[in-house]
Ligand SMILES: [Zn+2]
Ligand SMILES: [Zn+2]
């Protein structure tokens, strides 16, 4: 018999943690931060106590057998290695709400993820963009490959999402098949990958599905007859091409730097339009890790040395180059560097907000961000796409898989995800167990 225990992240977007447990082994997925308003960036986590502080905040879970002894004991838990059952963790993709807690773990906890996610994870560490520290025991799995840990078998099944390396999982425990979608979409460059995921998971005993896009709108799922959204990564690419031709001066894009393929595609299209893509060092490193042949310049406003190993020898673009020939460049910029616009405002003809921070008006930075752009008189456009399957595809995926049990989560309104092709639908409470036997 296997138990599936729903620990957190059920009626919110973020911090989904589910355990699959057999007589000998426990598999946890994912291990990100709960979307907690409880984190206040004005308060410092205590050095060496970050894991403890996060658990006390309710951002991470109090779980036996995953933390360092000094943290675990203070929380009244067993430390890593002290539990009767073997424990491992699998991670679907490199978004903070799915992986942000990895730095809090005991460094020996086995953490499996796709090989592409593992590559990106390491580079995030190189560029200082990980929370707390880089986890040591990360074990890559190729797409469609399986690992068996204890008596649980996990297959890494790729999905298309707005981050490189995203996958879902097929988990086999005591003869039962559990599928977890992670986050996925059909409006990316590879809808066929998300379609193939559904095919590979057909007939699962239990399907655990994300439901982000049904969080804030009323949806009558069963009446949806087809997809409705018309904007995709390909139309965004086309828009980018047109902007590159039509705008007379500098274009700035604010994207999410883990969506590496978008930048890879932009580089090619922009080069043909006579513009060089100028990337901040973090973004440049992630692109170089996956697409070493791509030609771009790295933005060091005042010049200087590129320190990251993957960036050695790459061309540098300094601020003066952008000021002198703004029509020849597109600058990629993270929100945290937005004050650089004070130097560039005179030559910017368009600022594109495309899925970079701040993501939405729930973020206190959002209003500040837009008032700054307005105060500077910068011409801007919101053109983000998001990374989540529209409601029709959420249902369509369930229709194809035809699970015996469906559990929708990772949504403010998971109850809206229904399908005639699911045997039954369960909306678990926090801590609830579903027994598969
Ligand atoms: Zn998510
Ligand atoms: Zn995601």
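The values are calculated or read from the model by the stated rules, or taken from the named source; none is laboratory data. This one's a predicted model, so the numbers in the text were calculated from it and none came from an experiment. Every residue, glycine among them, receives a Cβ derived from its backbone with ideal geometry; neighbour counts consider all protein chains shown.
Listed here are the residues, each with its yes/no results for (1) within 16 Å of ligand 1 (Cβ to nearest atom); (2) touching a strand residue (DSSP E or B) at 6+ places or on another chain (Cβ under 8 Å); (3) at pLDDT 95 or above; (4) in a loop (DSSP other than H, G, I, E, B).
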{"site": "340", "(1), (2), (3), (4)": "no, no, yes, no"}
{"site": "344", "(1), (2), (3), (4)": "no, yes, yes, no"}
{"site": "349", "(1), (2), (3), (4)": "no, yes, yes, no"}
{"site": "352", "(1), (2), (3), (4)": "no, yes, yes, no"}
{"site": "360", "(1), (2), (3), (4)": "yes, no, no, yes"}
{"site": "368", "(1), (2), (3), (4)": "no, no, yes, no"}
{"site": "393", "(1), (2), (3), (4)": "yes, no, yes, no"}
{"site": "396", "(1), (2), (3), (4)": "no, no, yes, no"}
{"site": "400", "(1), (2), (3), (4)": "no, no, yes, no"}
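Which one is nearest to residue 59 (Cα to Cα), of the residues in the range 90-120 that are away from ligand 1 (no atom under 16 Å from the Cβ) and outside any loop (DSSP other than H, G, I, E, B)? Ranking the qualifying residues of the range 90-120, first place goes to 104.
Just so you know, in the range 159-178 the residues that are without any contact (Cβ under 8 Å) to a residue 60 or more places away in the chain and away from ligand 2 (no atom under 14 Å from the Cβ) include one that is surrounded by the fewest Cβ atoms within 10 Å (Cβ to Cβ), and it is 175.
Exactly one residue among 308, 389, 357 is touching a helix residue (DSSP H, G or I) at 6+ places or on another chain (Cβ under 6 Å) and closer than 30 Å to residue 197 by Cβ, and that residue is 357.
Residues of the range 87-121 that are free of Cβ contacts under 8 Å to residues at least 60 places away in the same chain, within 16 Å of ligand 2 (Cβ to nearest atom) and within 17 Å of residue 19 (Cα to Cα): 113 alone. Among the residues of the range 183-200, is any more than 16 Å from ligand 1 (Cβ to nearest atom), surrounded by fewer than 24 Cβ atoms within 10 Å (Cβ to Cβ), in a strand (DSSP E or B) and in the same structural domain as residue 17 (by TED's automatic domain parsing)? No; the residues of the range 183-200 include none that is more than 16 Å from ligand 1 (Cβ to nearest atom), surrounded by fewer than 24 Cβ atoms within 10 Å (Cβ to Cβ), in a strand (DSSP E or B) and in the same structural domain as residue 17 (by TED's automatic domain parsing). Residues in the range 418-428 that are under 20 Å from residue 4 (Cα atoms) and either outside any strand (DSSP E or B) or within 24 Å of the chain's Cα centre (by Cα) (or both): 422, 423, 426, 427, 428.
Here 72, 79, 104 are screened, and the one residue that is over 22 Å from residue 14 (Cβ atoms) and surrounded by 19 or more Cβ atoms within 10 Å (Cβ to Cβ) is 72.
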